[in-house]
Amino acid sequence: MIRIGEAHVSDQAMTAIVRGAVELVPGARLDTPGRVSRVLPGRRGPLEWSLTDDTVTFDVDIVAAQGTVLPELGAQVRDSVARHVRVMTGLAVPAVDVTVTGVDRERGPRP
């Protein structure tokens with residue numbers, strides 16, 4: 001739960017904000033946690049954040065569509081997440097670290 005002034009944002013709500021921001025970027029989707037990361041302690045999911053004062057930083061794992069230019073995709077995801085979180089929560093987002101954890105070979109980049 002994230003407290004913003006008098007308001008609280010649940011972990012599920014923050015995840016939904018970030019998931020929506022990632023899905024707006026053609027060729028990207030938030031990764032899903034693998035079987036191992038769901039059962040072993042200390043393993044992380046596809047999204048983590050750290051809140052300090054009025055700022056929040058993110059680590060985001062994504063899957064890229066086959067044929068996508070990865071550095072460009074990472075920059076677009078970074079910008080989309082920062083913009084959407086800032087607009088919806090009022091928090092500053094100084095960093096969004098994006099890791100491409102997989103390539104979706106079943107589909108090419110979305111138009």
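Rule-based calculations on the coordinates, nothing more; no lab input. Since the model is a prediction, treat every value here as computed from it, not as a measurement. Ideal geometry is used to build each Cβ from the backbone, glycine not excepted, and the neighbour counts take in all protein chains shown.
Label points 7 Å out from Cα along the Cβ direction at Ala95 and His8: separation in nm?
2.9
Please give the FRET efficiency for Ala75 paired with Glu23, using the beta carbon to beta carbon distance and R0 = 22 Å, rounded to the nearest 0.05.
About 0.85, to the nearest 0.05.
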